[in-house]
1. So how much slack lies between Lys103 and Lys188, counting 0.36 nm per residue of separation and subtracting their Cα-Cα distance, in nm?
2. What residue among Ala121, Val99, Gly38 has its Cα farthest toward the positive end of the dipole of segment 28-121, where the charges are +1 on Lys, Arg and -1 on Asp, Glu, each on the Cβ?
3. Rounded to the nearest 5, what % of the DSSP beta bridges within segment 55-367 are antiparallel ones?
4. With the crude spin-label approximation of a point 7 Å out along Cα→Cβ, what separation in nm comes out for Glu196 versus Tyr111?
5. State the Cα centre-to-centre distance between segment 359-428 and segment 189-230 in whole Å.
6. Can you tell me how segment 148-231 classifies by the Cα gyration tensor, rounded, prolate or oblate, using a/c under 1.5 as the rounded cut?
7. Per 0.36 nm of contour for each residue apart, how much would the distance between Glu241 and Val39 grow if the chain were fully extended, relative to their Cα-Cα spacing?
8. Write out the chymotrypsin sites (Phe, Trp or Tyr not before Pro) in segment 167-214 meeting two conditions: DSSP loop, and at most 10 other Cβ atoms within 10 Å of their Cβ.
Amino acid sequence: MKVDLVIRGGTIVLPQGRFPADVYVQDGCVVALGRFDGVTGKREIDAGGLLVLPGAVDGHVHMMDPGHTEREDCTTGTAAAAVGGATTVIEHHRTEPPVLNAKIFAEKRDYWAKKAVVDFAFMGGAVPDNLHELKGMWDMGAVAFKTFTCELHGVTPMYPGMLQELFRTLKTFNGITLIHAEEDTLLKVNEKKLRESGRKDYLVVADWRPPETELLAISNAVVLAKEIGARIVFAHVSLCESLRIIQEARRAGAKIYAESCPQYFYLTKEDLARKGPWLKFAPTVRDPENVAQMWRELELGHVDIISTDHCPYPKEEKAAGLDDIWKAPYGIPGIETTVRLMLNGVNQGKVSLERVVQALSETPAKLYGLYPRKGTLLPGADADILLVDMSAREVLSNDTVVSKCKWTPYDGMEVQGKVVMTLVRGTVVAENGRPVGEPGYGQFIPRLGAGK
């Protein structure tokens, strides 16, 4: 018997454990795991000595396309995703025009289908005046709706009364929202004081966005979500104390989840003081003690999802903040480094690989309605596969960045653990740090059950 592809000799890693097995692929899907005599592949890949992981489902990317393609575009961004090990990206609504209704959703879907290297899904945006548009996007396959509790990137914030209406609207069709949670009035008071002081130093960012801005916004949203029974995910949670608030609500039966990103596991205020605009993102960096504890929170299962919050800007835009931090935009690239940084944490003994696979692949696929097509290697799933060499060491460098921005905040950092091959639906899209997939190969993946 012959199938399209056999990946031989590797060790499968899933959240439930690891085991030696070959992977058999037919028509872009996993059809079997095991060792079967007499079954060969039209193509065979030797994975001896490598780990075989499900591709990452990156729940938080900003590719800027259509709109700001001087920063990133669909093709460069998804090629970078392929190199980094993200086989499905969930693109957010902040393009031009922003995705706030079904018509724009469909136009962007069709536009991306001609350009994407890996598979993709979309979040719509939720703002005060478009709540009546959410169901239309949901029916078209939106996986969630992104909203902000603060003014950032030109997005209108959702204050508590507006959040309440959003949660009630989503409850009518069991929708889910991803919330950028920082308290807007505190931020504005802090900003006013800092600007009046004349400060331009790098730690302005930390003083502008201190821990209480996140804690208060999360606390407010938790109260409303518990009362209404809404499903919510908090984006890029940066504080262990925030995770404890979320866990307390979960224990009480709330459907509340936490996303975080590698920057909150690696970067500190000391790094911000040195690197300034290259580490200007929101929420901001935290103290070293908090960073160290975030790994423990991940291992305990208190961080549900690891995403990238890939938000790249060209070097010249970020460098504008070298002498005046106010002039640098918020955002950093991350789609090429996230999987490697988490593998590095495994090698350092900070977290198990099984938990990393769960947070990078299985849980985001489940929360956003893409499982079991995505996020697993069980038979029937798309053959989205990473071959990983856990012993390989490399130094992250601006010189090897595929993203159009051509820089990484981790430039010069040595990591151990490398994605050596990425496959999407059984086709190799990246190998040894180089994208080899074709633009237009990536498919739109609607949420399971969309339109029914």
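1. Details: separation 85, 0.36 × 85 = 30.60 nm, distance 3.41 nm.
Once the chain is fully extended between Lys103 and Lys188, it gains 27.2 nm.
2. Working it through, the farthest residue towards the positive pole turns out to be Gly38.
3. Working: 1 of 28 bridges.
If we restrict to bridges inside segment 55-367, about 5 percent are antiparallel.
4. 4.2
5. Comparing the Cα centres of segment 359-428 and segment 189-230, I get a distance of 32 Å.
6. Numbers: a/c = 3.14, a/b = 2.63, b/c = 1.19.
Because a/c hits 1.5 or more and a/b exceeds b/c, segment 148-231 counts as prolate.
7. Values: separation 202, 0.36 × 202 = 72.72 nm, distance 5.20 nm.
Between Glu241 and Val39, full extension yields an extra 67.5 nm.
8. Details: sites: Phe167, Phe173, Tyr202, Trp208; in loops: Phe173, Tyr202.
Passing sites in segment 167-214 are Phe173.
Only the coordinates and a few stated rules stand behind these numbers; no lab work does. This structure is a prediction, so every number in the text was calculated from the model and none was measured. Methodologically, a virtual Cβ is constructed for each residue, glycine included, from the backbone with ideal geometry; neighbour enumeration extends over all protein chains shown.
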